[in-house]
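Provided herewith is a single structure, encoded as structure tokens, for subsequent inquiry.
The values are calculated or read from the model by the stated rules, or taken from the named source; none is laboratory data. It should be emphasised that the depicted structure is a prediction, and the values quoted were computed from it without experimental measurement. FYI the Cβ positions are ideal-geometry reconstructions off the backbone, even for glycines, and counts take in every protein chain you see. Side chains included, ligands, DNA and RNA excluded: accessible areas come from the protein's heavy atoms. Shrake-Rupley method; radii C 1.70, N 1.55, O 1.52, S 1.80 Å.
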Amino acid sequence: MPRKILVGFGVDVDAVAGWLGSYGGEDSPLDISRGMYAGEVGVPRLLKLFDKYSIKCTWFIPGHSLETFPKEMAAVRDAGHEIGLHGYSHENPVSMTLEQQRDILDHTYKLLTDFNHGIPPKGSVAPWWETSSEGTMLLLEKGIEYDHSNMSHDCQSYYLRDQDTWTKIDYKAQAHTWMKPLQKGNETGLVEIPANWYLDDLPPMMFIKSSPNSHGWVNSRDVEQLWKDTFTYFYREEKDFIFPITIHPDVSGRPHVLLMLERFIEWVNTHDNVQWVPMYEMARDLRARKDPAPGAKMPKGYVKDVRDKPVKARL
């Protein structure tokens, strides 16, 4: 059998929402203007890049970005890209109540569904990849089929567990009270397309004033080499694998990063058996090859489509 290597971009349209919810720039007109750049300049540039290489990918769109940049987001939709959830104002799920999380999910799910001509989103990315203990159950209850926020693997999709639990160290208590192993939760029918800080453009190449470890000026060729080295290892050691990359128009809409992406895409395309796919196709491929554990809680309303087959390997 030929090898099957599924590569894809997840584009997080943080834009103004990122400065409202995560980056600490909500009181800075300068930082808000950087968010406007992402929506009005970065998005069209990325669309042009993907069109050049005939790549369809997944755009995770906060509700705030959808409503702030309707023309640019319509261009994403009309170009045939997948659309997924990414909160409303890039708010941190860990900092919110269960009611707040559910309200945001309900609202953004409806926003994206209505915007996408009645087609509901299949996937979700938690803002800043911070998933709450209730996050998996909320997504399952909403009928979401895959998540892209956890990091238990780096090149293989898997079924997400509902809630692992662990005991934190308490130096004020006797040691035996916290010397306990992690307890694994139950496997669900929610597919995880693993996230990866090392395949993300934002931490090394976007300056954030409030973040002490913000880089912002890392040479794009250093990031490019990191991505190439990661891909090279997988290509050597794994027969079949996925390679999900996270980018942001805030960063990848910049000229020097766009040139890096061109070089990387062209380099990846020199390898055999590579296919560029939206992340939903990665999730479908796992479902077609492997069923979740017996009795696993499935996404609400999910019915396995008999047409769902593993993405065919290219000869």
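What is the chain's relative contact order, in percent, from Cα pairs under 8 angstrom and six or more apart in sequence?
The value is 27 percent.
Sticking with this structure for a sec: Counting only pairs 8 or more places apart or on different chains, how many lysine pairs in region 45-196 have C-alpha atoms closer than 23 Å?
Summing the qualifying lysine pairs gives 13.
Would you compute, from DSSP H runs of 4+ residues alone, the mean residue ellipticity of the chain at 222 nm, taking -39500 (n - 2.57) per run and dividing by the full residue count, rounded to the nearest 500?
For the chain, the value works out to -11000 deg cm²/dmol.
Go through P70, F9, G25 and say which Cα lies farthest out towards the positive end of the charge dipole of the chain; charges sit on Cβ, +1 for Lys and Arg, -1 for Asp and Glu.
In the chain, that residue is F9.
Near K290, which lysines are there with a Cα under 16 Å away, not counting those fewer than 8 places off in the same chain?
K4, K304, K309, K312
A further question on this structure: What ranking do 102-115, 12-25 get when scored by the average of other Cβ atoms within 10 Å per residue, highest first?
Going from most to least packed, we get 12-25, 102-115.
Could you list which residues have their amide H under 5 Å from that of D14, counting only those 5 or more apart in sequence or on another chain, with H placed in the peptide plane?
Residues meeting the amide H criterion: D250.
Can you pull out the trypsin sites (Lys or Arg not before Pro) in region 142-179 that DSSP calls coil and that have at most 10 other Cβ atoms within 10 Å?
K168, K172
What whole-number value in Å² describes the accessible area per residue of region 64-183 for a 1.4 Å probe?
Computed with neighbouring chains in place, this is 52 Å² per residue.
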